[in-house]
Each structure stands twice: as C-alpha cells, then as structure tokens.
Amino acid sequence: MYRCLDDALAALVAAAGDGVTVIVAAGPGFAPLHSANPVLDRVLLRLQQPRLRYFWSALRQPPPLWLRHYFAMRHNAHAGAVRINLRGREPHGRVAAADYERVVDELCASLGELRSIDTGRSAIDEVVPVHARYSGECLDDLPDVLVVWKREADVDAGVTSPRTGAVRPTYALPRSGDHTTELQLFIAPAAGSKRSWPPSVRLVDVAPSICAHLSVAMPEADGRSVIT
C-alpha cells in the first residue's frame, strides 16, 4: 500500500512539472484510544442535584433528560460532549439564561477533577466551554462543554473524583485505536528553490502554513504557520 501511494504521488509530481510547488499533508496519525465517554453521562448524573440523583437511584433507573440540568451528547471518542438543558433553547429547559455561565463554570471545574481509577492520574487533557471559545450563528447547535480525555491516562476502567466517587463503565468502546490531530507536512517548492520539511504539525496548522507559503494572510485561524 505504501509503495502504491508513493508511486501515485511520484506520478502527480511528474505531471505537475518543475515550475510547480508541491505540498503534501500526510495524516492524521493513529494512536491507542483511551476514552471515558462510556461513563460521562453517569458522571454528569452524579454531579446533578443530590435529591434528584438519589430519588432515581432508588428506582434503579436514570431520570428523564427533561428533569436534568445537563446530559451527555453523542460525540467522537476523543472527547465527551455535554449539553446544558437551557430554558428557551431546549424543549423542557431547566437552567435559566442568567445561570448559564455559572453552571458551565461549575461543571468545567468539577469535570477537571476527574482522575483515572487505575493510575490516579488526571483523566482530563482539557475541558472546553464552547461558547467562550468559539463563535458563529450555529453555536447553539454545538455542545456547551467538551471534555477532552488525556490520551496518556488509562481511563478505560473508569474515573473518580471527590464529588462523583468511582464511576466504572458498563460497556467498552468498539475499537482500541483512534486518529490523532498530528500529521506530517511536506513542501517541495519549484525547482531551484529551497525545500522545506517542517516537523510534525497539528491538523489546524495546515491551512495557515499553506497560506503563509503563498503570502496570504489568515489572521483568524485556530492554528499557526510552521513555515519559517
């Protein structure tokens, strides 16, 4: 497969000719998958109001979503996603708009305390309050909080914190590996120019790097140019 890809790339470079700059982005990478998504909604339930939590625990079933202040959304395994049950946005919202930022801040702080049951290391790489980080007309379609799990921490057996206690998964993720956001960027300028081989870069760095090579400004990019 690698030989086939190399041959195809060589054919494209030859067809481009000597006067053309060729840029190749190879990636993203691949790594073992460690994710606590299978326990995230139960973690959120334990952070919920105690009376609601214990009442439904006695019934041996989770409370309906419309009674909760927040709940987990379906998302990729690299990060968990949390939705605030906001009045005026959700059909049966419970969190008032005036309390939104406070609830998000408290939730981010509580989730940031999560640690691996097995190793005791932090389970969290970053907790992202989406509305504070991003903007746009479709913002309300996104999760309110993203929980980026630390890849180096073995969280497959569950997580724990002072507020939640130990929470162990009842099912396993279907795959053991996951893509990373790192890749390799190769830039081969036209014949007679200096070749550039930047180090491994993040996916968000590709567009700024290409723009920098073309002397095009990209001031609002999430990434940065790796071309010097």
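Taking every residue in the range 55-78 that is assigned to a helix (DSSP H, G or I) and of a type in the set (G, A, S) and pairing it with any residue that is surrounded by 12 or more Cβ atoms within 10 Å (Cβ to Cβ) and modelled with pLDDT of 70 or more, at least 6 positions away or on another chain, the pairs with Cβ-Cβ distances below 9 Å are S57/L45.
Highlighted here are the strands (runs of 3 or more DSSP E) found entirely within the range 83-188 that include at least 2 residues which are surrounded by fewer than 18 Cβ atoms within 10 Å (Cβ to Cβ) and not aliphatic (A, V, I, L, M): 124-129, 177-179, 182-188.
Okay, residues lined up against (1) at pLDDT 85 or above; (2) over 20 Å from H78 (Cα atoms); (3) outside the structural domain of A77 (by TED's automatic domain parsing):
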{"residue": "T180", "(1), (2), (3)": "no, no, yes"}
{"residue": "L185", "(1), (2), (3)": "no, yes, yes"}
{"residue": "A190", "(1), (2), (3)": "no, yes, yes"}
{"residue": "S193", "(1), (2), (3)": "no, yes, yes"}
{"residue": "L203", "(1), (2), (3)": "no, no, yes"}
{"residue": "L214", "(1), (2), (3)": "yes, yes, yes"}
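When R51 is tested against the conditions (1) at pLDDT 80 or above; (2) over 29 Å from the mean Cα position of the chain (by Cα); (3) closer than 30 Å to E101 by Cβ, the lone failure is (1).
Checking E137, E113 one by one, the residue that is over 18 Å from N76 (Cβ atoms) and at pLDDT 95 or above is E113 and no other. When we screen D156, D105, D144 for residues that are acidic (D, E) and modelled with pLDDT under 95, the only hit is D156. Picking from residues in the range 7-46 that are acidic (D, E) and modelled with pLDDT of 90 or more, the one that is farthest from the chain's Cα centre (by Cα) is D7.
The values are calculated or read from the model by the stated rules, or taken from the named source; none is laboratory data. Note that the structure is predicted; figures quoted are calculated from it, not measured. Note: ideal-geometry Cβ built from the backbone for every residue, glycine included; neighbour counts use all protein chains shown.
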